[in-house]
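Since the structure comes first, as structure tokens, the remarks are kept for the end.
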Amino acid sequence: MELSKEQQLYQTIVNEAWENEDFKAELLKDPAAAIEKLTGERLNLPEGKTLVVRDQTDAATVYINIPAEQRTDDVELNEEQLEAVAGGLRIPLTDYPFFPYPKLPTFPKGPMGTL
């Protein structure tokens, strides 16, 4: 299985933190600056998002991450999505990668249309 760019970056950061105590201390203090220094690239966080790094290397401690609650009460589907949910989605055959079917070889016919 090939890792995505984000997974590769995460693995690089974790490996460096395991091997380099100075980097780990920097990462805990100022994650964005430490990652930028490590990779040479500025971390692009969405506006309003904060990056938090916690040291969870103590094997005697179990950590539980509570993710943000998923809000679904304000989600609205557009007409196309409603049709798909209702089972009415129609995709033209031309949208499939295998259409049109590849041309099959033809063979000369013998007497009376037989091969």
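A short reminder: the numbers here are calculations on the coordinates, not readings from a lab. Small disclaimer: the values here were computed from a predicted structure and weren't measured.
Please list 3J(HN,Hα) in residue order for the stretch 46-57, calculated via the Karplus relation 6.51 cos²θ - 1.76 cosθ + 1.60 where θ = phi - 60°; whole Hz, with x for glycine and proline.
Calculated HN-Hα couplings, in order: x, 4, x, 9, 10, 9, 10, 10, 10, 7, 10, 7 Hz.
Output ³J(HN,Hα) for the stretch 16-27: one whole-Hz value per residue in order, computed from phi by the Karplus curve 6.51 cos²θ - 1.76 cosθ + 1.60 with θ = phi - 60°, and x for Gly and Pro.
Going residue by residue, I get 5, 5, 5, 8, 10, 4, 5, 5, 4, 5, 5, 4 Hz, with x marking Gly and Pro.
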